[in-house]
1. Taking Ala223 as meeting all but one of (1) over 16 Å from Ser109 (Cβ atoms); (2) at pLDDT below 95, write down the number of the exception.
2. Out of the residues in region 172-195 that are touching a helix residue (DSSP H, G or I) at 6+ places or on another chain (Cβ under 7 Å) and of a type in the set (Gly, Ala, Ser), which is nearest to Ala222 (Cα to Cα)?
3. For region 1-27, what are the residues that are part of a loop (DSSP other than H, G, I, E, B) and modelled with pLDDT of 95 or more?
4. Give Asp140, Asp154, Asp148, Asp200 a once-over and let me know the one that is charged (D, E, K, R), part of a helix (DSSP H, G or I) and farther than 17 Å from Gly95 by Cβ.
5. When His136 is evaluated against the numbered criteria (1) in contact (Cβ under 8 Å) with a residue 40 or more places away in the chain; (2) touching an Asp or Glu at 6+ places or on another chain (Cβ under 6 Å), which criterion, by number, is the only one it fails?
6. Can you name the residue in region 91-129 that is surrounded by fewer than 24 Cβ atoms within 10 Å (Cβ to Cβ), among the polar types (S, T, N, Q) and within 24 Å of Glu216 (Cβ to Cβ) and is also farthest from the chain's Cα centre (by Cα) among such residues?
7. Does region 215-228 contain any residue that is of a type in the set (Asp, Glu), surrounded by 11 or more Cβ atoms within 10 Å (Cβ to Cβ), on the phi > 0 side of the Ramachandran plot and not in a strand (DSSP E or B)?
8. Inspect all residues belonging to region 140-155 and state whether any of them is crowded, with 16+ Cβ neighbours inside 10 Å, in contact with a Pro (Cβ under 9 Å, 6 or more places away or on another chain) and touching a residue at least 24 places away in the same chain (Cβ under 8 Å).
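The values are calculated or read from the model by the stated rules, or taken from the named source; none is laboratory data. Model, not experiment: these values are computed from the prediction. Ideal geometry is used to build each Cβ from the backbone, glycine not excepted, and the neighbour counts take in all protein chains shown.
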Amino acid sequence: MRRIMITNDDGIDASGIIRLAQAACEYGEVWVIAPLHQRSAASHSITLRQPIDIYPYDFPVEGVKAYSCSGTPADCVRVGSLSVMPYKPDVVLSGINFGYNAATDIQYSATVGAAMEASFQGYRAIALSEHLNGCHEVTDKFLKEVLDEYIDKDTGSGRVININFPGCSLKECKGILRDRKTSKSAFFRDRYKVLEKLKDGGIRYMVDGILNLQGEPETDFAALIENYISIGIVRNIE
């Protein structure tokens, strides 16, 4: 039986991690170790100079052993697999993230960061994300199909499988594109707007991205814009 760890960066109460845990129960013994609160864009950061608190958690999926973690998603993988679980996981599933983790956004993604940590620790790893518009039709239809295909796939150290589901209706979805390259573009071209002037010369800024819908051919970005499920390998240190 597979030993499956699940984490995310949206927090242990997020609907995405609950739906992923429900699906994963078909594949083996499931452990959820996830941040207590929202930790998006934490990338691959880990906690070194503060303690990490782990608590048993009343998770709404029967049979799942669940724990909340005060640390980052990468912390969840580290402390979860090295101390909380009595044995190492065979595979770590990170997600289902609320919002795409594709193109250059991958470098900020704590969903992908947690999957990378899993790969560094020697576990198979899959990051899963979907559009943040709340339409789950494509994800719910194809989740089992992609897990059947990839849950046992060994990509090697420093590599993770990155899966993104478009937010279109099932009727509009054109299918699955595999082996997508990571786009060098981004869904938002960032800029910062001034919120207010502060005393002593300070200025308070807030990120204010401009939507971009131009992706290079054969990339994850282009696949999602065209309403395909995008699957690719993300590489880090190998």
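1. All conditions are met except number (2).
2. Ser183
3. Matches in region 1-27: Asn8, Asp9, Asp10, Gly11, Ile12, Asp13, Ala14, Cys25, Glu26, Tyr27.
4. Asp200 is the lone residue from the list that is charged (D, E, K, R), part of a helix (DSSP H, G or I) and farther than 17 Å from Gly95 by Cβ.
5. (2)
6. Looking at the filtered set, the residue picked out is Thr104.
7. Within region 215-228, one or more residues are of a type in the set (Asp, Glu), surrounded by 11 or more Cβ atoms within 10 Å (Cβ to Cβ), on the phi > 0 side of the Ramachandran plot and not in a strand (DSSP E or B).
8. Checked region 140-155: no residue is crowded, with 16+ Cβ neighbours inside 10 Å, in contact with a Pro (Cβ under 9 Å, 6 or more places away or on another chain) and touching a residue at least 24 places away in the same chain (Cβ under 8 Å).
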